[in-house]
Amino acid sequence: MYTPDQLFRMADETRDEGIALLADLIRFETVNTGVMPTGDELPLCRYVQARLAAEGIEAQVFCSAENRGNLIARLPGSLGAPRLLYMGHTDVVPVENEREWRYPPFSGAVAEGRIWGRGAADMKDMVAAELMALILLRRAGCALKGDLIVIAGADEETGGAYGFGWLAAHAPETLRADYAINESGGGPIPAPGGGLAYTIQTGEKGRLELHITLQGQASHAASPWLGDNVAFKLGEVLRRLQNWQPELDVSHEFFEHLANLLGRSEPITPQNVDAVADALGSVSRHLGSGLRGMSRMTLVPTIFAAGVKSNSVPASCRLVCDVRTLPQQDEAYVRRQVEQVLVGIEGAAYELTWTAISNASPYDTELTAAIRRATAAAAGRGDLRWLPSLTTGFTDSRLVRPLGATVYGFSPGHPDADLAHPAGVHGANESSETASLLFRTKLLIALALDLLGG
Ligand SMILES: [Zn+2]
């Protein structure tokens with residue numbers, strides 16, 4: 001059996017191969033606009049399938065629609081269990097303005113210690129690390145007890161109906177695992193008491209859309225008193241939304257772990273959570289913002305439309321809000337909040353449409369312990385600290401958790417990663433550090449050896 005150190009040396013020696021693989025993945029323009037036909041992940045899947053075949057690794061490609069491929073690669077274990085799944089998605093969001101990019105967005109340029117391009121950080125970098133881990137374990141001839149599986153799915157950026165959602169509906173056995181690792185989570189963030197803290201994303205907030213319609217009365221704009229102008233109702237609703245005070249809730253275990261990390265004698269409470277968020281925000285903007293997101297529901301107006309003609313008093317208006325819920329906040333809770341906002345507004349009605357239900361895996365599992373050991377080994381440091389966290393967004397993890405796996409979002413950066421450097425996720429100049437690619441490759445190797453080693 002190989003030791004992690006021997007495999008880490010192999011990873012060091014094949015560093016450029018990993019970088020070239022990521023650059024190759026970026027050059028496939030797997031842009032997902034959300035409107036079919038789109039994504040075009042199949043050519044990338046075929047390319048990876050051939051690469052893996054050359055290593056003697058079997059990979060299947062499941063097509064959910066024409067040109068929408070989902071790749072499933074496996075190193076079979078001698079006993080078949082436990083199963084460890086490395087998740088990823090290969091689709092990327094569109095490039096808005098190519099002229100804002102320092103390097104062409106589908107070039108996979110390597111410069112300044114980084115790899116540049118759409119998908120470089122979300123999340124072809126993680127996919128490349130997962131594939132390199134698989135390839136190196138295979139090359140070393142490591143005998144594993146359980147299966148190590150890599151799934152590179154399509155369509156995450158539009159909700160996964162052609163990706164993990166399709167697999168969950170049509171081939172759920174492919175997603176059955178004991179442990180799974182996906183995007184989100186990670187870090188590192190400088191721990192206020194010294195050392196570095198990594199977050200393990202154990203859960204995701206729920207997401208829904210609130211569609212409000214407001215009804216007034218049309219009239220000629222020259223005699224507005226004959227109508228009931230819906231613009232003023234909209235103004236009132238927007239004012240109430242601006243003043244809406246969400247209930248503050250620090251029951252997520254993150255807050256207790258954070259209080260320990262900070263060495264506080266006082267717990268974090270609903271009364272002091274915003275002050276703590278402000279104080280931490282000056283150390284890490286990401287962490288400060290995360291504290292706010294994990295302690296409340298958000299209810300944010302995003303789209304509104306009214307009026308058909310400049311000389312007509314508008315009679316109806318549509319207002320859409322983005323809503324993000326904490327795990328314990330169910331539909332009845334959301335309805336109570338909305339009804340409070342709309343109370344007394346005549347002609348107001350609303351509907352709720354869920355996009356994602358809040359979901360979570362427990363913290364402090366065997367997987368948590370293995371992640372800690374593997375990260376310490378890959379980083380070569382013993383001073384790492386840990387926090388369970390809840391992401392404000394949602395990922396494919398929500399489609400795998402219900403099938404029984406403990407799923408954590410954990411795509412950590414190198415301990416010395418430049419935290420101030422913008423990753424450009426969903427924006428211009430997306431990039432990731434080459435050092436983090438190598439670090440993740442090592443970490444994923446160590447984790448597989450830890451959980452599946454003979
Ligand atoms: Zn992503």
*Which residues, counting only those in segment 110-125, are away from the ligand (no atom under 16 Å from the Cβ), open to solvent by 20 Å² or more (accessible area, probe 1.4 Å) and at negative phi?*
Val110, Ala111
*Hey, can you tell me all the residues within segment 189-203 that are within 13 Å of the chain's Cα centre (by Cα) and not β-branched (Val, Ile, Thr)?*
Gln201, Gly203
*Quick one: Arg83 ticks every box in (1) within 16 Å of the ligand (Cβ to nearest atom); (2) under 23 Å from Phe410 (Cβ atoms) bar one, so which box is it?*
(1)
*Of all residues in segment 343-389, which are of a type in the set (Val, Ile, Thr) and either open to solvent by 30 Å² or more (accessible area, probe 1.4 Å) or closer than 15 Å to Gly186 by Cβ (or both)?*
Val343, Thr353, Thr355, Ile357, Thr365, Thr368, Ile371, Thr375
_Failed condition for Ser397, given (1) modelled with pLDDT of 95 or more; (2) over 15 Å from the mean Cα position of the chain (by Cα); (3) of a type in the set (Gly, Ala, Ser)_ = (2)
*Based on what the data block shows, is Leu175 more than 14 Å from the ligand (Cβ to nearest atom) and more than 21 Å from Tyr47 (Cα to Cα)?*
yes
*If you go through segment 265-275 one residue at a time, how many are assigned to a helix (DSSP H, G or I), among the β-branched types (Val, Ile, Thr) and open to solvent by 10 Å² or more (accessible area, probe 1.4 Å)?*
0
*Output yes when any residue across segment 28-40 is closer than 22 Å to Leu144 by Cβ, in contact (Cβ under 8 Å) with a residue 12 or more places away in the chain and out of contact with any Ser or Thr (no Cβ under 6 Å at 6 or more places or on another chain), and no when none is.*
no
*Taking interchain pairs and intrachain pairs at least six residues apart, which have beta carbon atoms under 7 angstrom, with the first residue in segment 312-323 and in contact (Cβ under 8 Å) with a residue 12 or more places away in the chain and open to solvent by 30 Å² or more (accessible area, probe 1.4 Å) and the second hydroxyl-bearing (Ser, Thr, Tyr) and not in a loop (DSSP other than H, G, I, E, B)?*
Ser316/Thr213; Arg318/Thr213
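To keep it simple, each residue is scored yes or no on (1) at pLDDT 95 or above; (2) β-branched (Val, Ile, Thr); (3) in the same structural domain as Leu342 (by TED's automatic domain parsing).
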position: Ala231; (1), (2), (3): yes, no, yes
position: Gly235; (1), (2), (3): yes, no, yes
position: Asn243; (1), (2), (3): yes, no, yes
position: Leu258; (1), (2), (3): no, no, yes
position: Leu262; (1), (2), (3): no, no, yes
position: Thr269; (1), (2), (3): yes, yes, yes
_So Ala128 passes all but one of these: (1) open to solvent by 30 Å² or more (accessible area, probe 1.4 Å); (2) part of a helix (DSSP H, G or I). Which condition number does it fail?_
(1)
*Only residues that are assigned to a loop (DSSP other than H, G, I, E, B) and among the aromatic types (Phe, Trp, Tyr): list them for segment 1-34, please.*
Tyr2, Phe28
*asked:* For segment 48-88, give me the residue count where each residue is touching a helix residue (DSSP H, G or I) at 6+ places or on another chain (Cβ under 7 Å), free of Cβ contacts under 8 Å to residues at least 24 places away in the same chain and loosely packed, with under 13 Cβ neighbours inside 10 Å.
replied: 0
*asked:* Name the single residue that is most open to solvent (accessible area, probe 1.4 Å) among those in segment 89-103 being more than 16 Å from the ligand (Cβ to nearest atom) and touching a residue at least 12 places away in the same chain (Cβ under 8 Å).
replied: Glu96
*Do we have any residue at all in segment 406-429 that's more than 21 Å from the chain's Cα centre (by Cα), open to solvent by 60 Å² or more (accessible area, probe 1.4 Å) and more than 17 Å from Asp122 (Cβ to Cβ)?*
yes
*Say we look at segment 391-418 and pick out the residues that are of a type in the set (A, V, I, L, M) and touching a Ser or Thr at 6+ places or on another chain (Cβ under 7 Å); which of these is farthest from the ligand (Cβ to nearest atom)?*
Ala417
*asked:* Can you go through Gly185, Gly227 and tell me which one is assigned by TED's automatic domain parsing to the domain that holds Val338, in contact (Cβ under 8 Å) with a residue 24 or more places away in the chain and open to solvent by less than 60 Å² (accessible area, probe 1.4 Å)?
replied: Gly227
*Scan (1) of a type outside the set (Val, Ile, Thr); (2) within 16 Å of the ligand (Cβ to nearest atom); (3) surrounded by fewer than 19 Cβ atoms within 10 Å (Cβ to Cβ) for the single condition Ala152 breaks and write down its number.*
(3)
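The values are calculated or read from the model by the stated rules, or taken from the named source; none is laboratory data. No experiment lies behind these values; they were computed from the predicted model shown. Every residue, glycine among them, receives a Cβ derived from its backbone with ideal geometry; neighbour counts consider all protein chains shown. Each accessible area value is taken on the protein alone, full model and side chains, heavy atoms only, with ligands, DNA and RNA left out. Shrake-Rupley method; radii C 1.70, N 1.55, O 1.52, S 1.80 Å.
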